[in-house]
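The structure under discussion appears below in the form of structure tokens.
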Protein chains: 2
Amino acid sequence: MRFTSETSSDGVREQLFTIDDVPGVLWTPDDAVGTRPLILMGHGGGQHKKAPGIMFRARRFVTEGGFAVVAVDVPGHGDRPKDEEYDRIATRNQARVEAGEELAPLLADFQALVARRTVPEWRVVLDAVQEREHVGAGPVGYWGVSLGCGLGVPFVAAEPRVRAAVLGLGGALASAEPAARITVPVEFLMQWDDERVPRAQGLALFDALASTDKTLHANPGGHGEIPAFELDSTLRFFARHLH
Amino acid sequence: MRFTSETSSDGVREQLFTIDDVPGVLWTPDDAVGTRPLILMGHGGGQHKKAPGIMFRARRFVTEGGFAVVAVDVPGHGDRPKDEEYDRIATRNQARVEAGEELAPLLADFQALVARRTVPEWRVVLDAVQEREHVGAGPVGYWGVSLGCGLGVPFVAAEPRVRAAVLGLGGALASAEPAARITVPVEFLMQWDDERVPRAQGLALFDALASTDKTLHANPGGHGEIPAFELDSTLRFFARHLH
């Protein structure tokens, strides 16, 4: 783990790092000393570790919850090189959709492929970050919607350090099988008019989660339109389960 | 409106009353002076105005939110006389279910029948309670699940003083038509394994609400097993929309 820059603003310390060529960012309270709960955030498709939706939530997790927050670029995203295999698949999928195939099963296969790389990468990131004195080996939470759900479900299923997860904007086709191995508390976000995830797919993914403590929050609007009050709820959810 | 008794405990003043032969109860903060938001609560089938689930929530609305809360007995419930017509229908419905008919459509018809009495009764209750100096003509909220949803949906649809409603454990068969006339913010509670309301019916009722600001909260468990943390959420919902 190599730290490449450090800044601080409005009470939040931001450290950029790379670990095994994976670029990441760690946010902690300015004055953080000792062990605290850590939230790993998975960004959406086409986004990156410092996308606005990640940054905005991360700052509130740090300032209002006292959490440490870490995010890394998914392969082919952000500061990582283009991935020729993924590009080939994306191009081929686009051609298949234009020829009339359904997008959802193609995306599901693609996410499963990417998850085979991100699950071990993210576990290495947890190992390294939890060795820092101002993070430590406390409870871990996961936050991720859309691609962050597709990659997050297999991660949460595989990683016993994760004690609670906020997931959503994903469907059963991609994620039902690993979801059935998740038993930690989950807050699951759906957009009722999601143009990318059919409503029945989202409901089926919530249904597939093996957690006895799971809660579905569905709101009107499209894929990108999660209402602001859900972040208040997410903060309370993590506070309830990680503190 | 005739007050029949008054008590006070743990910061909550409780006044029993009758109005046009409808028995009710009004809860307010002990020291309440002047206008405040009012929550009307509709109890479940077989319950009454002071059922434990009503009392418990009402106390928290009063002590934590500073709300006034009012609940009245539904016809044939609590301190009201048995209703011969309703009893006849209930007996006939039971026989029809035993003969193989589906329960849900019969219950839907029955709730529609009862709502034709409770909607005007509840409006009279609002009129009277809002004339009290320690309640006043502030914003009104409605809380009701199960029968309290079946009777609440037509009430909220009809009563412009209601600015926000928590509804749930009800289905589209009974309530889709009036739900399509509700435009105020709604928090809608579903139990994912509800043995009395089929999942698709609950989802269809949420879908039928015309409100652009509506949020669905679904949790595992049966009809009577809404988790405790939903009451925290309900309090925040009413605080957001009535204060």
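Every number in this text was worked out from the coordinates using simple rules, so none of it is lab data. Predicted model only: the values in this text are computed from it and were never measured. We place every Cβ from the backbone using ideal geometry, glycine too, and count neighbours over all the protein chains shown.
Reported to two decimal places, what Rg/Rh ratio describes segment A:65-118 when computed on Cα atoms with Rh from the Kirkwood expression? Mind showing how you got there, number by number?
Working: Rg = 14.6 Å, Rh = 13.0 Å.
Result: Rg/Rh = 1.12.
State the answer as a single residue: which of B:Pro227, B:Phe237, B:Gly136 lies farthest towards the positive end of the charge dipole of segment B:2-242, with beta carbon charges of +1 for Lys and Arg and -1 for Asp and Glu, about the Cα centre.
Of B:Pro227, B:Phe237, B:Gly136, it is B:Gly136.
Shortest first and in nm with one decimal, please list how far the B:Gly46 label point sits from its counterparts in the other copies (point 7 Å along Cα→Cβ).
Nearest first, the other copies' label points are 5.3 nm away.
In nm, one decimal, shortest first: how far is the label point of A:Arg2 (7 Å from Cα along Cα to beta carbon) from the matching points in the other copies?
Copy-to-copy label distances at A:Arg2, shortest first: 8.7 nm.
If you restrict to DSSP beta bridges whose two residues both lie in segment A:2-242, what percentage is antiparallel, to the nearest 5? Mind showing how you got there, number by number?
On the way: 19 of 44 bridges.
Of the beta bridges lying entirely in segment A:2-242, close to 45 percent run antiparallel.
About the Cα centre of chain B, how large is the charge dipole given +1 on each Lys and Arg Cβ and -1 on each Asp and Glu Cβ? Please answer in debye to the nearest 20.
Numbers: 25 positive and 33 negative charges, 81 e Å.
So the dipole magnitude of chain B works out to roughly 380 debye.
I want the local charge near B:Ala137. Using Cβ-Cβ distances under 12 Å, sum +1 for each Lys or Arg and -1 for each Asp or Glu among the other residues.
Numbers: positive: B:Arg36, B:Arg132, B:Arg161; negative: B:Asp127, B:Glu131, B:Glu133.
Taking every other residue near B:Ala137 into account, the sum is 0.
About its Cα centre, how strong a charge dipole does the protein assembly as shown have in debye, to the nearest 20, once Lys and Arg get +1 and Asp and Glu get -1 at the Cβ? Each step should come with its number before you reach the end.
Working: 50 positive and 66 negative charges, 67 e Å.
Dipole of the protein assembly as shown, to the nearest 20 debye: 320 debye.
Please sort A:88-95, A:53-60 by packing, taking for each peptide the average over its residues of neighbouring beta carbons within 10 angstrom, highest first.
Numbers: A:88-95: 12.5, A:53-60: 18.4.
The densest-packed peptide leads the list: A:53-60, A:88-95.
Mean Kyte-Doolittle hydropathy of -1.0 or higher plus an axial Cα length of 18 Å or more: which whole DSSP H helices in chain A meet both? Could the numbers behind the result be given before it?
Working: long enough: A:52-65 (19 Å, -0.15); A:84-98 (21 Å, -1.61); A:103-129 (36 Å, 0.72); A:229-242 (20 Å, 0.06).
Helix filter hits for chain A: A:52-65, A:103-129, A:229-242.
Suppose a student asked you for the relative contact order of segment B:2-242, using Cα pairs under 8 Å spaced at least 6 residues apart; what percent would you report? Show your work: numbers first, answer last.
Numbers: 470 pairs, mean separation 40.7, N = 241.
Worked out over segment B:2-242, it gives 17 percent.
Using a label position 7 Å from Cα in the Cα→Cβ direction, what is the ascending list of nm distances from A:Arg96 to the same site in the other copies?
Output for A:Arg96: 5.1 nm, nearest copy listed first.
With just the Cα atoms defining each centre, how far is segment B:119-157 from segment A:205-237? Give it in Å.
Comparing the Cα centres of segment B:119-157 and segment A:205-237, I get a distance of 30 Å.
Counting only helical runs of four or more DSSP H residues, what would the 222 nm mean residue ellipticity of chain A come to if each run contributes -39,500 (n - 2.57) and the total is spread over all its residues? List each step's numbers first, then the result.
Details: 8 runs with 99 residues, N = 243.
After summing the helix terms and dividing by residue count, I get -13000 deg cm²/dmol.
Over the Cα atoms, compute the radius of gyration (one decimal) and Dmax (the largest Cα-Cα distance, rounded to a whole number) for the protein assembly as shown, in Å.
That works out to 25.7, 80 Å for Rg and Dmax.
Can you give the FRET efficiency for A:Arg181 and B:Arg161, using 1/(1 + (r/R0)^6), R0 = 56 Å, r = Cβ-Cβ distance, to the nearest 0.05? List each step's numbers first, then the result.
Values: r = 49 Å, r/R0 = 0.88.
According to the calculation, E is roughly 0.70.
Name the residue from A:Val25, B:Val184, B:Leu147 whose Cα lies farthest towards the positive end of the charge dipole of the protein assembly as shown, charges +1 on Cβ of Lys and Arg and -1 on Cβ of Asp and Glu.
The residue sitting farthest along the positive end of the dipole is A:Val25.
Measuring from the lowest to the highest alpha carbon on each principal axis, how far does chain B reach, largest first, in angstroms?
Between the extreme Cα coordinates on each principal axis of chain B lie 55, 39, 29 Å.
How big is segment A:80-213 by the Kirkwood estimate over distinct Cα pairs, in Å?
On the way: mean 1/r = 0.0635 Å⁻¹.
The answer is 15.7 Å.
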